[in-house]
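Taking it in order: structure first as structure tokens, then the write-up.
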Amino acid sequence: MSAGWAAVLAIGVGTALLKAVGPVGVAHRRPPARLNDLLELVGPAILAALVVTETFASGRALVLDARLGGLAAGVVAVALRAPLWAAVVAGAVATALLRLV
């Protein structure tokens, strides 16, 4: 398991624990709306960082290879409102074709 996936797993477990303990710890108090808005963005931001790291990094080096083409194909498929499975297939096919070249 890579360090990135271990971090995602740890954050997921921590989030579940905080959601379970939160109602007990703060009773009936609610955090400010602005804080709630910011906390809702943490999960997607971490996931996006993981995708970028796994796509463009090899060790400590920046790598631009066939994976970039696969990511681009997936983004285009999502922009065209294709189903998720079609975006994944488009990315995989584009990556495979670029690696053949």
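Tally the residues that are of a type outside the set (Asp, Glu), surrounded by fewer than 14 Cβ atoms within 10 Å (Cβ to Cβ) and in a helix (DSSP H, G or I), restricting the search to segment 44-71.
Residues meeting the conditions: 8.
Within segment 1-19, track down each residue that is in a helix (DSSP H, G or I) and exposed (fewer than 10 other Cβ atoms within 10 Å of the Cβ).
If the condition is that a residue be in a helix (DSSP H, G or I) and exposed (fewer than 10 other Cβ atoms within 10 Å of the Cβ), then Ala3, Lys19 are the ones that fit.
Any chance segment 25-36 includes a residue that's surrounded by 10 or more Cβ atoms within 10 Å (Cβ to Cβ) and closer than 28 Å to Ala92 by Cβ?
no
Every read-out reported here was derived from the displayed coordinates using simple, explicitly stated rules and does not represent laboratory data. Predicted model, so just to flag it, every value in this text is computed and none were measured. Heads up, the Cβs are rebuilt from the backbone with ideal geometry, glycines too, and the neighbour counts pull from every protein chain shown.
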